[in-house]
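Undergrad: The structure that follows is given in the form of C-alpha cells.
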Amino acid sequence: MGELAEVATPFVDVEAVDGASVRVYLDGAQVASWIPAGGDEQLFVSTRAQYGAGVSIRGGIPVCFPQFGPGLLPQHGFARHCRWRVVELVLGEFVVLELGRCDLPAQWLERAAAWPHEFQAQLRVEVSGSSLELTLQVTNTDRVPFEFTTALHPYFAVRDALTARVHGLAGLSYRDALQGGAEFVERGDAVTFPGNVDRVYYGAPDVLELHDGDRVLRIEKRGFPDAVVWNPGPEGTASRVDFAPGDERQMVCVEAGAIREPVVLEPGAVWRGTQRMVWQS
Ligand code: TA6
C-alpha cells in the first residue's frame, strides 16, 4: 500500500501484467487514476484537489452513497467522506474495499442520523487491458428494510469539453438540475458541454460512448438504471476551491446511478451495480 508523504493518505495501486493500472485511495474508496494498457491517463483530477480523511478528491471516481445529490444527508451522501478498508487485494487484478456503519467517523455518525442503518458496502475495482470495472455492492445488515440512491461519478479527462460528445441518450427523459429539476426529452443526437450541464437521464441504455476528438470511451453499466452527465462550466469551477480555473475544459462526468427510484433493500438482501469503461482508441 502506498502513501503520499505530503498528504499522508493511503492508496492502493493495482498494476496488471499488461501495463494497465489503477490507483484507489482508501478515503472515499476513490479511484484517482486509470491508465489502460498502451494508453494514457483517462481520469481527470484537479491540480487543486484535496486529499485526506474526510475530504473527497476533486476528480477520479467518487462513490455517491447512500444518497445521490442533495437531500436529508449532505450532497452525495457520506461514503465519499469515509475511510474504507481493503478486504481483498489480488495483485495485478483487483482490489475490494469495504465500508460499514461501524466505520463511520464520529462526525459522520451524527450527520448520518437521517440514514441510521446498518449496512455493508463493498467496491470492487478491477483493471485489465483496455478496461476498468467498478462494482458497488450493498448489503442490508439491518433488521429493517432501507432505501438508498447512489452513483459512481467518474470525471473523464478530455482534450476539450467544448468538443466532447456523449452518445446514447437521444430520446430519453432527463431531469435538468439547472432548470429547477424540470424534466425534458433529449432531442439532440449527442449531449454536448457548451458550459454548465447537470442532468439525470432516466432509464438510460447500458452502453454509452464518450467521443473526445478521435478518442472513444465506451461506458457500460449493469444494475444502475440511470445516467448522469455533468460539467461545471466556468462558474462551477470558479465557485469551488478544489477546482482550478479552466478545469471545466478538461473533464466531463458520465455517471451510472440509481437515482429516480431509490433502491429498496430488505434485511439480508444484496444490491449490485457495475460501471465498466473501455478505452477504444
Ligand atoms: O453528478 C452531478 C452532480 O451531482 C452535480 O449536481 C454537481 O454538483 C456535481 O455532482 C459535483 O458535486 P460536488 O458535491 O462534488 O461538488
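The values are calculated or read from the model by the stated rules, or taken from the named source; none is laboratory data. Source: prediction; values computed, not measured. Cβ coordinates were reconstructed from backbone atoms using ideal geometry, including for glycine residues, and neighbour counts include every protein chain displayed.
Undergrad: Does Leu72 satisfy the condition of being in contact with a helix residue (DSSP H, G or I) (Cβ under 7 Å, 6 or more places away or on another chain) and surrounded by fewer than 23 Cβ atoms within 10 Å (Cβ to Cβ)?
TA: Yes: the conditions hold for Leu72.
Undergrad: Note down all Cβ pairs under 9 Å where the first residue falls in the stretch 219-248 and is under 26 Å from Arg260 (Cα atoms), the second is within 14 Å of the ligand (Cβ to nearest atom) and assigned to a helix (DSSP H, G or I), and they're at least six residues apart or on different chains.
TA: Short answer, once both residue conditions are applied: Trp230/Ala177; Trp230/Gly236; Asn231/Glu248; Pro232/Ala238; Pro232/Asp247; Pro232/Glu248; Gly233/Glu248; Gly236/Glu248.
Undergrad: For the stretch 167-190, check the following and say yes or no: at least one residue is within 16 Å of the chain's Cα centre (by Cα) and at pLDDT 95 or above.
TA: no
Undergrad: For the stretch 231-278, which residues satisfy the criterion of being assigned to a strand (DSSP E or B) and over 22 Å from Val200 (Cβ atoms)?
TA: Val270, Val278
Undergrad: Answer with yes or no whether Val207 is among the β-branched types (Val, Ile, Thr) and either within 14 Å of the ligand (Cβ to nearest atom) or closer than 12 Å to Ala164 by Cα (or both).
TA: Answer is no for this residue.
Undergrad: Taking the stretch 52-70 as the search range and keeping residues that are at pLDDT below 95 and more than 11 Å from the ligand (Cβ to nearest atom), which one is farthest from Thr237 (Cα to Cα)?
TA: Ala53
Undergrad: I would also like to ask the following. For the stretch 243-277, how many residues are within 13 Å of the ligand (Cβ to nearest atom) and either farther than 18 Å from Val63 by Cα or surrounded by fewer than 18 Cβ atoms within 10 Å (Cβ to Cβ) (or both)?
TA: Residues that pass the stated criteria total 3.
Here's the yes/no breakdown for (1) surrounded by fewer than 19 Cβ atoms within 10 Å (Cβ to Cβ); (2) charged (D, E, K, R); (3) modelled with pLDDT of 95 or more; (4) more than 30 Å from Ser281 (Cβ to Cβ):
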| position | (1), (2), (3), (4) |
| --- | --- |
| Asp103 | yes, yes, no, yes |
| Gln120 | yes, no, yes, yes |
| Leu134 | no, no, yes, no |
| Arg143 | yes, yes, yes, yes |
| Phe146 | no, no, yes, yes |
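Undergrad: Among the strands (runs of 3 or more DSSP E) lying completely within the stretch 79-165, list those that include at least 1 residues that are more than 16 Å from the ligand (Cβ to nearest atom) and acidic (Asp, Glu).
TA: Result: 85-90, 94-100, 119-128, 131-140, 146-152.
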